[in-house]
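Below is one structure; the comments refer to it alone.
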Amino acid sequence: MNKTMLNKKLLSSLLLAMVLSACKSTPMVDKPAAVDDKSPNTTATAPAAPVADSGADTAGVKDGSVSGNPLTDPNNILSKRTVYFDFDKDTVREEFRPLVEAHAKYLAEHGSAKVILQGNADERGTREYNLSLGQRRSVSVKKSLNLLSAQDKQIETVSYGEEKATANCKDEACHQLNRRVDIVYEGE
Amino acid sequence: MKKLFKLFQPVLFLIATLTTTVAHAALEIEISGGSAQQIPIAIVPFGQAVTANQDKIADIIAADLRRSGLFRVLETSGVASRPTEVSQVKYAEWAVLQAQAITVGNVTALPGNRLKVTFGLADVLKQTQLVTMEYNIAPNQLRLTAHKIADVIYQKLTGEGPIFASRIAYINKTKNRYALQVADADGVNAQTVVSSSEPIISPAWSPDGTRIAYVSFEKKKPIIFVQSLTTGQRLTLANFKGNNSAPTWSPDGKKLAIVLSHSANSQLYTINADGTGLKQVTKSSAIDTEPSWSPDGKWIYFTSDRGGNPQIYKVSAFGGEAQRVTFQGDHNLSSHFSPDGKSLVMVRKDGARYSIALQDLASGQSQLLSDGGQDESPSFAPNGRVILYATRMGGRGALAAVSSDGRVKQRLSESGGDIREPSWGPLLN
């Protein structure tokens, strides 16, 4: 049996299994929840963090202090958003200092601008530990931004762990690209 | 470990669930190894007066017992008689097959669209009945009933606790879609609980099996949800600033241990299952993550790099000083308790290899259960005899299982799928 046939068979089987299960009278897993499920949140959670899909405009444009958007101008260092790290390290390498300084300066000058620092790790190790490793890197970038006058309330540190890593890396050059922090501005 | 494998003639079975019936396609299971003394058992096809039965109960029982590696299921087609209750068994016929045990059974219709399943187990050598059972079920409970019968046979003949009537959860990634799926322990009846274009990780069963906690990146950051498997309703358990991850349930199902980062490194917290009552458990400058709650409820074991490299530590569930638990291996991560609380399974890194290791908590002794590579996400079967974990095959994620003595190994794969983050759930009622 070729792969496509297998997949088709699998798909139809799964669909049939879903239909069959929907008829069951016993409680089973019969209602897949949509991810956009807005079921009532009864938790007393902290205010929701700014997320990247919350709007279209950047704070820079809103402030009216610039005519173009420096954050996306390819000739501006602010358009560079990625800080890479050494294996098992969270120190910001010298070559990324200018990039981090530029973003710190932008945040200091634009008090309403907010960033999410998204840490990442390579695929070696467990997913949850890598989530924490990526977090440590985003915290490291945050500290550098703080030192240069960006405020805590402008910065959220999160991690994707190894989830956005290029899988099946064969060499160090590939792993290196996965050990990074991406700087994402609110509204982007 | 090498020595161990030489003792056993590797046996290979292939149970192609994909090709048996259309409604039950799912994971393909491959078994290798087995106990030196497999119990030879004859499983006579059940009498089935009800034509609507798509499932062959005897086949499901046989597959369960084979998968355990502790049984040799005998070919019964050469025997003319087809007893459906123990009183009809002519023991001499089955002694010829060298069967030590025989199971027989029957399915009949009851009023109101119900079925009656009867089953008996007998000792062929002693010519005595060991157990009989009767189940009054809805037609869609036939597979579950077969698993329960397999559990009765397994318990009676091996002395181990039940295992087959349970479910597993895992993440199935296809193209750019992540689906949290729940399937029967034999890989059949896979159903999607939640799916997203963003990653989902760390599914964790509530102790009663009615809810699953998991981490979803659907809002572009890790948030913990708890979802009911009966209604599909879910609540946001933790959505604090920073990361919310690594949920694990307390043994009484009232709380979860979780990991929050806020604006710094990952730290352990406990929270009520309704999202109230957040309490911080660890306060370190290091990474503290991957909690596992001890079955007696007193301790939370976790991964921390406070000593330089990730190792397993334990802390009182109410907080306090942490003590280191693991001392062998370069790194130890992602620990999970055995149901009896006596041992801990974990991911061990030696050199560049990540393997599954089992540590006896009283003696501190440990052994590797997998030969490694990129093995992770271990969890125990409800009876503690099998450990399910994630491995990689051909560049894709697959599931594997190993008996806690390291003798029987299984690999579960799905064509086209990339499966990771397995978790074995509790027994079904």
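Where a number appears in this text, it was derived from the coordinates with a stated rule and is not lab data. Just so we're clear, the structure is a prediction, and the values are computed from it rather than from any experiment. Reconstructed Cβ throughout: ideal geometry from the backbone, glycine too, with neighbour counts over all protein chains shown.
Observations on the structure shown:
- Rounded tilt (10° steps) of B:142-158 against the dominant C-alpha axis of chain B: 90 degrees
- Chymotrypsin sites (Phe, Trp or Tyr not before Pro) within region B:315-421, DSSP loop, no more than 14 other Cβ atoms inside 10 Å: B:PHE318, B:PHE327
- Members of B:LYS255/B:LYS279; B:LYS148/B:LYS254; B:LYS219/B:LYS255 lying beyond 18 Å, as alpha-carbon distances in this model show: B:LYS148/B:LYS254; B:LYS219/B:LYS255
- Placing one equal scatterer on every Cα of region B:173-265 and applying the Debye formula, the log10 ratio I(q)/I(0) at q = 0.17 Å⁻¹ is -0.74.
- The relative contact order of chain B comes to 12 percent, based on Cα pairs under 8 Å that sit 6 or more residues apart.
- For region B:114-190, alpha-carbon Rg relative to the globular expectation (2.2 N^0.38 Å, N residues): 1.46
- Compared with the dominant principal axis of the Cα atoms in chain B, helix B:57-68 is inclined by about 50°.
- Calculated FRET value between A:LYS80 and B:ASP252, using beta carbons and R₀ = 45 Å, to 0.05: 0.35
- What the phi angles of region B:159-166 give under the Karplus curve with 6.51, -1.76 and 1.60, with θ = phi - 60°, is a coupling list of x, 8, x, x, 9, 6, 7, 8 Hz, glycine and proline written as x.
- Shielding of B:219-227 by partner chains, average beta-carbon count, 10 Å: 6
- Calculated from the alpha-carbon coordinates, region A:52-185 shows an Rg and a Dmax of 15.1, 47 Å respectively.
- The B:SER81 and B:THR158 beta-carbon pair, evaluated with R₀ = 35 Å, returns a calculated FRET efficiency of approximately 0.80.
- For region B:166-427, the share of alpha carbon pairs falling in successive 10 Å distance bins from zero is 7, 32, 39, 19, 1 percent.
- Ordering B:TYR301, B:SER196, B:ALA357 by Cα displacement along the dipole of region B:166-427 toward the positive end leaves B:SER196 in first place; charges were set at the Cβ atoms of Lys, Arg (+1) and Asp, Glu (-1).
- Within region B:36-158, antiparallel bridges make up roughly 70 percent of the DSSP beta bridges whose residues both belong there.
- Taking 0.36 nm per residue of sequence separation and removing the Cα-Cα distance, the B:GLU321/B:LYS175 pair yields an extension gain of 48.1 nm.
- Ascending count of other beta-carbon atoms within 10 Å, so fewest first, for B:LYS175, B:LYS116: B:LYS175, B:LYS116
- Label point at B:SER32 placed 7 Å out along Cα→Cβ; residues across region B:347-370 whose backbone nitrogen lies under 16 Å: B:356, B:369-370
- Trypsin sites (Lys or Arg not before Pro) within region A:68-102: DSSP coil, no more than 15 neighbouring Cβ in 10 Å: A:LYS80, A:LYS89, A:ARG93
- Residue-by-residue Karplus 3J(HN,Hα) for region B:381-388, coefficients 6.51, -1.76, 1.60, Hz, glycine and proline x: 5, x, 9, x, 8, 9, 10, 9
- Toward the positive end of the charge dipole of region B:36-158, with +1 on the Cβ of Lys and Arg and -1 on the Cβ of Asp and Glu, the farthest Cα among B:LEU121, B:HIS147, B:VAL104 is that of B:HIS147.
- Ranked by how many other Cβ atoms sit within 10 Å of their own Cβ, fewest first, the residues B:SER68, B:SER403 fall in the order B:SER403, B:SER68.
- Across all Cα atoms of region B:320-429, the radius of gyration (one decimal) and Dmax (whole number) stand at 14.0, 47 Å.
- Number of Lys pairs (Cα under 24 Å; 8 or more positions apart or on different chains) in region A:52-185: 28
- Translational diffusion coefficient (Stokes-Einstein; Kirkwood radius from C-alpha pairs) of region B:232-337 at 37 °C, 0.692 mPa s, in µm²/s: 237 µm²/s
- Computed [θ] at 222 nm, deg cm²/dmol, chain B (DSSP H ≥ 4; -39,500 (n - 2.57); rounded to nearest 500): -3000 deg cm²/dmol
- Exposed GluC sites (Glu not before Pro) absent - longest run of chain B, DSSP non-H/G/I/E/B, at most 10 other C-beta within 10 Å: B:76-320
- The residues packed around B:ASN383, meaning those with a beta-carbon under 12 Å from its beta-carbon, carry a net charge of -2 if Lys and Arg are +1 and Asp and Glu are -1.
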